[in-house]
Amino acid sequence: MSDLWIGTSWKMTKTLAEARAWAEGLRDHLAGSAPAGVQPFVIPSFTATTAVAEVLGEESPILLGVQNAHWEDAGAWTGEVSVAQAKDAGARIVEIGHSERREHFGESVETTGLKVAAALRHGLVPLLCIGESAAVKEEGGSSAFILEQTRGALEGLTGEELSRVVIAYEPIWAIGETGRPATVEELVEPFAALGEVYAGRVAGLLYGGSVNLDNAADLLGIEHVSGLFVGRTAWRLEGYLELLRIAEDHAAARTG
Ligand code: PGA
């Protein structure tokens, strides 16, 4: 069985000092190896990418990511950072299409597809985020909506390319301060729909949105869920370490 992905995006938080302290704490806690059966990853703001890369070191079992990247390698794209530049700074994952970027920065199915292709071209893991709004959910259209978002962004990939993609299902209504945690019952159907198409074909099918220390174990128990993508709970290092411990227990129970 493949590893459980347990990662956090810090969104637009943390000073350099805070980023370094968190990364140093994690590095020292793990002492060179990831918890058995777990793939940790951390996605800081761009400003902290290099600092966190330096703290973790090149041989780190923790994958470092960026929260966005442009599909062109270089050029006149003021304010943007390319996948090539992110890789140069130490990133190995590119987060693509988070709902906050779709809502506020015009991220679309087309641009997420271009970014997935760019990440793959440079050998980085594309972490494609998908998720429906409360309105779509109320109409009963969740599964169709997220399948369309996913299909649109992954269209045309070879099986080998697809096998390097990680998908994170993050329903918008469950994300952040204004979201409410999803129940396991609400997530069974969307993961069944995603699993039917992508289980065994992609590197991971993650859940994200108000993951906390009380619901993490139950969320990992949902069929086809192979990891968690976490915001607030993991911004404190203690919260993230506890999530890693929960995942390690879950991985041990799966194999044992
Ligand atoms: P949250 O954020 O865990 O703070 O709800 C999740 C996300 O946006 O990925």
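Before moving on, here are some points about what is shown:
- Highlighted here are the helices (runs of 4 or more DSSP H) found entirely within region 45-122 that include at least 1 residues which are within 16 Å of the ligand (Cβ to nearest atom): 99-105, 109-121.
- Taking (1) in a helix (DSSP H, G or I); (2) closer than 24 Å to Ile175 by Cβ in turn, Glu24 satisfies each apart from (2).
- Of the residues making up region 246-256, just one is within 16 Å of the ligand (Cβ to nearest atom) and either loosely packed, with under 15 Cβ neighbours inside 10 Å or within 21 Å of Gly65 (Cα to Cα) (or both), namely Ala247.
- Exactly one residue among Thr13, Thr49 is within 27 Å of Gly106 (Cβ to Cβ), β-branched (Val, Ile, Thr), surrounded by fewer than 20 Cβ atoms within 10 Å (Cβ to Cβ) and modelled with pLDDT of 95 or more, and that residue is Thr13.
- Checking each residue in region 22-46 for being open to solvent by 60 Å² or more (accessible area, probe 1.4 Å), over 20 Å from Ala251 (Cα atoms) and in contact with a Leu (Cβ under 8 Å, 6 or more places away or on another chain) picks out only Arg27.
- Matching residues, region 217-230, being under 21 Å from Leu128 (Cα atoms) and either at pLDDT below 95 or open to solvent by 40 Å² or more (accessible area, probe 1.4 Å) (or both): Glu223, His224
- Of the set (1) within 17 Å of Ser9 (Cα to Cα); (2) out of contact with any strand residue (DSSP E or B) (no Cβ under 6 Å at 6 or more places or on another chain); (3) touching a residue at least 40 places away in the same chain (Cβ under 8 Å), all apply to Leu228 but (2).
- Contacts under 9 angstrom Cβ, first residue in region 33-49 being farther than 11 Å from Ile6 by Cα, partner at pLDDT below 95 and open to solvent by 30 Å² or more (accessible area, probe 1.4 Å), 6 or more apart: Ala36/Thr255
- Of the residues making up region 150-184, those that are part of a helix (DSSP H, G or I) and either under 16 Å from the mean Cα position of the chain (by Cα) or more than 15 Å from the ligand (Cβ to nearest atom) (or both) number 12.
- Of residues in region 231-245 being in contact (Cβ under 8 Å) with a residue 60 or more places away in the chain, within 12 Å of the ligand (Cβ to nearest atom) and of a type outside the set (Ser, Thr, Tyr), the one most open to solvent (accessible area, probe 1.4 Å): Trp235
- Looking only at residues in region 185-216 that are without any contact (Cβ under 8 Å) to a residue 40 or more places away in the chain, away from the ligand (no atom under 16 Å from the Cβ) and among the charged types (D, E, K, R), the one that is surrounded by the most Cβ atoms within 10 Å (Cβ to Cβ) is Glu196.
- Considering Ala193, Ala174, Ala182, the condition of being in contact with a helix residue (DSSP H, G or I) (Cβ under 7 Å, 6 or more places away or on another chain), more than 30 Å from Arg121 (Cα to Cα) and hydrophobic (A, V, I, L, M, F, W, C) is satisfied by Ala182 alone.
- For region 122-142, the candidate set comprises residues that are under 19 Å from the mean Cα position of the chain (by Cα) and without any contact (Cβ under 8 Å) to a residue 60 or more places away in the chain; within that set, the residue that is most open to solvent (accessible area, probe 1.4 Å) is Gly123.
The values are calculated or read from the model by the stated rules, or taken from the named source; none is laboratory data. Worth saying up front: this structure is predicted, and the values here are computed from it rather than measured. For neighbour counting, all protein chains shown are included, and Cβ atoms are generated from backbone atoms with ideal geometry for every residue, glycine included. Accessible surface is based on the protein model in full, side chains and every heavy atom, while ligands, DNA and RNA are left aside. Shrake-Rupley method; radii C 1.70, N 1.55, O 1.52, S 1.80 Å.
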